[in-house]
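Reviewing the structure listed below.
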Amino acid sequence: MTSVPETLRLPNGTTVSHINVSEAQFLYREIFTERCYLRNGIELLPGDVVFDVGANIGMFTLFAHLERPGVTVHAFEPAPTPFAALRANVIRHGVPGRVDQCAVSDEAGVRTMTFYPDATLMSGFHADATSRRELLRTLGLNGGYSSEDVDIMLAQLPDTSQELETTTVRLSDVIAERGITAIGLLKIDVEKSERRVLAGIEDADWPRIRQVVAEVHDTEGALGEVVALLRGHGFTVVTEQEPLFAGTDIHQVAARRAAG
């Protein structure tokens, strides 16, 4: 049984349900303070439909709602504990739209994911304990901690994980079933599964999407592949890597169509 999420008052005065305080604070800084999803020309317009794929506790879902009241958000999160917080946040703040406990992929079905209770943001279908610790170490060093402090924090981090079965859906199936004619922003953060999410969009549905912002892990040519795919569907694409992620394979891709 999923426990009731705890709550946290954010610096802007908003109360959110969360799983880990440190993760919630990190998400707030990235999404609200740094505005990581509204850079490079990306914007939210009145009446937009937003897809939040890999929603975790719904921090971006909430940001979109507060940034542009009236947007409709379809949020997807497969892990039960973050999903409980996501649902609580949507209900608490009256976010229009729908939340679904499922993963988004290139085919509908059931898959097994790895869930890290103490590092939920790293959960997914491509989890690797060694890579996880290396990433955490790099983020700690880039964040200004000494090597000794990072080693202490990693030693104290519980090395626990859970294997969970989750339903998977395709974006084109969701678009058809819900009668969605336009998506103002498709946000993707799915820990190395971004190519499979994009592969679940049929050619006929791409013109419905005005903007895409995706975290891409550049393994096996993923970054170039995603950029080429988006450009091939008529987007202007910008890639960047935040200083915090220097030395990692994590990049952000922002894609938008020309106005008019």
Pair list, Cβ < 7 Å and 6+ apart or interchain, from segment 200-223 residues that are among the hydrophobic types (A, V, I, L, M, F, W, C) to residues that are open to solvent by 60 Å² or more (accessible area, probe 1.4 Å): 222/195; 223/239
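Restrict the check to segment 232-242 and report whether at least one residue is part of a helix (DSSP H, G or I) and in contact with a strand residue (DSSP E or B) (Cβ under 7 Å, 6 or more places away or on another chain).
Within segment 232-242 (the criterion being part of a helix (DSSP H, G or I) and in contact with a strand residue (DSSP E or B) (Cβ under 7 Å, 6 or more places away or on another chain)), the answer is no, since none of the residues qualifies.
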Only one of 68, 9 is open to solvent by 40 Å² or more (accessible area, probe 1.4 Å), more than 26 Å from residue 127 (Cβ to Cβ) and touching an Asp or Glu at 6+ places or on another chain (Cβ under 8 Å), namely 68
Mind telling me which of the residues 61, 33, 7 ends up being within 16 Å of residue 185 (Cβ to Cβ) and polar (S, T, N, Q)? 61
Can you pull out the residues in segment 1-54 that are in contact with a strand residue (DSSP E or B) (Cβ under 7 Å, 6 or more places away or on another chain) and of a type in the set (D, E, K, R)? 6, 9, 39, 48, 52
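Can you tell which of 98, 87, 92 is within 28 Å of residue 235 (Cβ to Cβ) and of a type in the set (D, E, K, R)?
Among 98, 87, 92, only 98 is within 28 Å of residue 235 (Cβ to Cβ) and of a type in the set (D, E, K, R).
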Which number in (1) surrounded by fewer than 13 Cβ atoms within 10 Å (Cβ to Cβ); (2) at negative phi marks the one condition that residue 179 misses? (2)
Can you work out which of the residues in segment 77-99 that are farther than 20 Å from residue 187 by Cβ and among the β-branched types (Val, Ile, Thr) is most open to solvent (accessible area, probe 1.4 Å)? 91
Can you tell me how many residues within segment 118-138 are assigned to a loop (DSSP other than H, G, I, E, B) and either open to solvent by less than 50 Å² (accessible area, probe 1.4 Å) or within 22 Å of residue 246 (Cβ to Cβ) (or both)? 6
In segment 139-166, anything open to solvent by less than 70 Å² (accessible area, probe 1.4 Å) and within 20 Å of the chain's Cα centre (by Cα) is listed as 139, 161, 164, 166
Residue match in segment 100-117 (condition: at pLDDT below 90 and either open to solvent by 40 Å² or more (accessible area, probe 1.4 Å) or within 16 Å of residue 55 (Cα to Cα) (or both)): yes
Can you name every residue in segment 24-55 that is in contact with a Pro (Cβ under 9 Å, 6 or more places away or on another chain) and open to solvent by less than 60 Å² (accessible area, probe 1.4 Å)? 28, 32, 54, 55
Could you please let me know if residue 190 is closer than 15 Å to residue 37 by Cβ, among the β-branched types (Val, Ile, Thr), assigned to a strand (DSSP E or B) and touching a Lys or Arg at 6+ places or on another chain (Cβ under 9 Å)? no
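The values are calculated or read from the model by the stated rules, or taken from the named source; none is laboratory data. Nothing here was measured: the structure is a model prediction, and the numbers come from that model. Backbone-built Cβ (ideal geometry, glycine too); neighbour counts: all protein chains shown. Ligands, DNA and RNA are excluded from the accessible area calculation, which covers all protein heavy atoms including side chains. Shrake-Rupley method; radii C 1.70, N 1.55, O 1.52, S 1.80 Å.
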